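Heads up, the thing below is written out as structure tokens.
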Amino acid sequence: MKLILLQDVTGLGESGDVVEVKDGYGRNYLVPRGLAIGWTKGGEKQIAQIRRARAAKEIRGIDHAKEVQAALEGLSITVAARAHDGGQLFGSVTEADVAAAIRAAGGPAIEKRSIQLPGHVKHTGDVKATVALHPEVSAAITVSVVAA
């Protein structure tokens with residue numbers, strides 16, 4: 001089965017790539033989750049559009065990654081979450097919450113898939129996180145989780 005990837009899939013390809021996968025993998029996993037669409041001749045226009053969108057938000061080279069790293073490490077990132085009196089959260093803080101907090105703090109738009117938290121964050125306090133910006137550059141950030 002030939003598919004066009006709409007998002008990056010680890011071990012398979014990046015958004016905009018045309019890949020050949022087994023029918024079951026494509027039909028039961030990639031297409032229902034919105035990770036890919038079926039390949040058609042008309043889909044070639046979509047491929048060009050997907051690649052342009054990816055290039056616009058992608059970090060352009062190691063120099064740009066280092067600039068973003070410096071900007072991220074200088075930010076004060078705070079995530080407010082509902083918590084018990086003892087500091088235990090009702091839920092947990094996710095990578096999407098951290099990405100939204102980075103944008104709210106005036107930082108660049110970071111994809112949630114590039115943020116790595118140390119397991120499930122279920123308590124208030126400071127948490128160390130890593131943001132993969134480039135294969136050779138990553139930013140170490142501190143996220144303050146506070147009770148809302």
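Read the figures in this text as sums done on the coordinates, not as results from a lab. If you're wondering where the values come from, they're calculated on a predicted model, not measured in any experiment. As a convention, Cβ positions derive from the backbone with ideal geometry for all residues, glycine included, and neighbour counts pool all protein chains shown.
Summary of values
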item: Which of T94, T40 has the fewest Cβ neighbours within 10 Å, and the rest in rising order; result: T40, T94
item: Cα-centred dipole magnitude for the chain, charges only on beta-carbon of K, R (+1) and D, E (-1), debye, nearest 20; result: 520
item: Selected from K66, K122, K45 as most flexible by GNM, with the chain as the system and alpha-carbon contacts under 10 Å; result: K45
item: Choice from I77, I47, I115 with maximal GNM fluctuation in the chain (Cα, 10 Å cutoff); result: I47
item: Per-residue ³J(HN,Hα) for the stretch 126-133, Karplus 6.51 cos²θ - 1.76 cosθ + 1.60, θ = phi - 60°, Hz, x for Gly and Pro; result: 8, 10, 8, 10, 10, 10, 7, 9
item: Most fluctuating residue given options Q46, Q116, Q69, as computed from a GNM of the chain linking Cα atoms under 10 Å; result: Q46
item: MRE, 222 nm, helices only [DSSP H, n ≥ 4, -39500 (n - 2.57), over the chain, to nearest 500]; result: -8000 deg cm²/dmol
item: Entry for percent of Cα pairs over 26 Å apart (calculated from the structure that is shown) out of (1) 22; (2) 41; (3) 61; result: (2)
item: Under 11 Å, Cβ to Cβ, from T124 - net charge with Lys/Arg +1 and Asp/Glu -1; result: 0
item: Selection from G13, G107, A81, by position along the positive dipole direction of the chain (Cβ); result: G13
